[in-house]
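Student: Encoded as structure tokens, here's the structure I'll be asking about.
The values are calculated or read from the model by the stated rules, or taken from the named source; none is laboratory data. Predicted model, so just to flag it, every value in this text is computed and none were measured. Positions of Cβ are generated from backbone atoms using ideal geometry, with glycine treated the same way; all protein chains shown enter the neighbour counts.
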Amino acid sequence: MGAVYIMWIRQLKRYFRSKSRIAGSIGQPLLFMLAFGFGLGPIFQKAGQGNYIEFLVPGVISMTLLFTSIFSGIEIIWDRQFGFLKETLVAPVSRLSIMIGRTLGGATLAVMQGIFVMLLSLIIGFQILSVGTLFLALIFMLLIALAFTALGTAIASRMQDFQGFQMIMNFLVMPLFFLSGAMFPLDGLPNIFNIIVRLNPLSYGVDGLRGALTGSYYYGPALDLIVLISVAAVFTVLGSVLFSKIEV
């Protein structure tokens, strides 16, 4: 447990030392909420879908969680390039403890950013269903963060350079986001897209978070939780196996 705690704290310290990273992680979600929220809001309302800000904000929070979580894996490549990873791996602690500590640290940072984006959304007019549902929203945020931090760790464990990791992430992250129902309603999709959305684990995170914050579910809270818990467990096991075999 001591090694897990040390790695968790190390992730937090590294993040807060980078002020540019903090500002950059907030700028994109804010741009999405302002540009898409107010730009497409009138069209969304005329189509009879209601307030687009209320629909969009949970999707933007999920985007923040996804991007922050999965790109935390790049720190493994950074540590490998500069020799820090070798120093960590030769320490008298299990690699499983190191991986769990990294995952918890990345997930914590992602949830913190998600909360901050949620607070920003209140300024532009987003309304939370009730204070009591915030606890459920935090559970969904944590599950999203854990699942995709573990996935980022698993992928980074097999990569040797930044360029390869970024290329794979771009081909993975953007489809995960845009095919999750974060930006558009899922009703009336073509069959092929409907299948892809249902196979996308982020879809259940977006739906769960949107339901917790606004009361509007598509799949239902029970199915959302079951899928997210299962995916988080699978990705954590996968990340643990691949990280245990990492070579420096």
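Student: Could you tell me whether any residue of the range 139-147 is free of Cβ contacts under 8 Å to residues at least 40 places away in the same chain, over 23 Å from Ser240 (Cα atoms) and part of a helix (DSSP H, G or I)? Give the derivation first.
Tutor: Of the residues in the range 139-147, the ones free of Cβ contacts under 8 Å to residues at least 40 places away in the same chain are 142.
Remaining after also requiring over 23 Å from Ser240 (Cα atoms): none.
There is no residue in the range 139-147 that is free of Cβ contacts under 8 Å to residues at least 40 places away in the same chain, over 23 Å from Ser240 (Cα atoms) and part of a helix (DSSP H, G or I).
Student: Can you confirm whether the range 154-170 contains a residue that is loosely packed, with under 15 Cβ neighbours inside 10 Å, part of a loop (DSSP other than H, G, I, E, B) and of a type in the set (Ser, Thr, Tyr)?
Tutor: no
Student: Another question, then. Tally time: how many residues in the range 182-211 are of a type outside the set (Phe, Trp, Tyr), part of a loop (DSSP other than H, G, I, E, B) and over 25 Å from Ala154 (Cα atoms)? First the steps, then the outcome.
Tutor: Taking the range 182-211 as the starting set, the residues that turn out to be of a type outside the set (Phe, Trp, Tyr) are 182-183, 185-192, 194-203, 205-211.
Imposing the further condition that a residue be part of a loop (DSSP other than H, G, I, E, B) reduces the set to 182-183, 185-190, 200.
The next check asks that each one be over 25 Å from Ala154 (Cα atoms); those that pass are 183, 185-190.
Of the residues in that region, 7 qualify.
Student: Could you list all residues from the range 219-229 that are in a helix (DSSP H, G or I) and either surrounded by 14 or more Cβ atoms within 10 Å (Cβ to Cβ) or in contact with a strand residue (DSSP E or B) (Cβ under 6 Å, 6 or more places away or on another chain) (or both)? If you could, list the steps in order and put the result at the bottom.
Tutor: Narrowing the range 219-229 to residues in a helix (DSSP H, G or I): 221-229.
Across the range 219-229, the qualifying residues are Pro221, Leu223, Asp224, Leu225, Val227, Leu228, Ile229.
Student: Scan the range 182-190 and give yes if some residue there is among the charged types (D, E, K, R) and surrounded by 14 or more Cβ atoms within 10 Å (Cβ to Cβ), otherwise no. Show your work before the answer.
Tutor: Kept after step one, since they are among the charged types (D, E, K, R), are these residues of the range 182-190: 187.
Now restrict to residues that are surrounded by 14 or more Cβ atoms within 10 Å (Cβ to Cβ): none.
Within the range 182-190, none of the residues are among the charged types (D, E, K, R) and surrounded by 14 or more Cβ atoms within 10 Å (Cβ to Cβ).
Student: So, one more: Looking only at the range 206-218, which residues are surrounded by fewer than 18 Cβ atoms within 10 Å (Cβ to Cβ) and farther than 9 Å from Thr133 by Cβ? Walk me through it before giving the result.
Tutor: We begin by selecting, within the range 206-218, every residue surrounded by fewer than 18 Cβ atoms within 10 Å (Cβ to Cβ); these are 215-217.
Hits for the range 206-218 are Ser216, Tyr217.
Student: Another question, if that's okay. Is it the case, given these coordinates, that Ile115 is over 30 Å from Arg158 (Cβ atoms), surrounded by fewer than 19 Cβ atoms within 10 Å (Cβ to Cβ) and at pLDDT 80 or above? Can you show your working first?
Tutor: Details: over 30 Å from Arg158 (Cβ atoms): yes; surrounded by fewer than 19 Cβ atoms within 10 Å (Cβ to Cβ): yes; at pLDDT 80 or above: yes.
Against the criterion (over 30 Å from Arg158 (Cβ atoms), surrounded by fewer than 19 Cβ atoms within 10 Å (Cβ to Cβ) and at pLDDT 80 or above), Ile115 qualifies.
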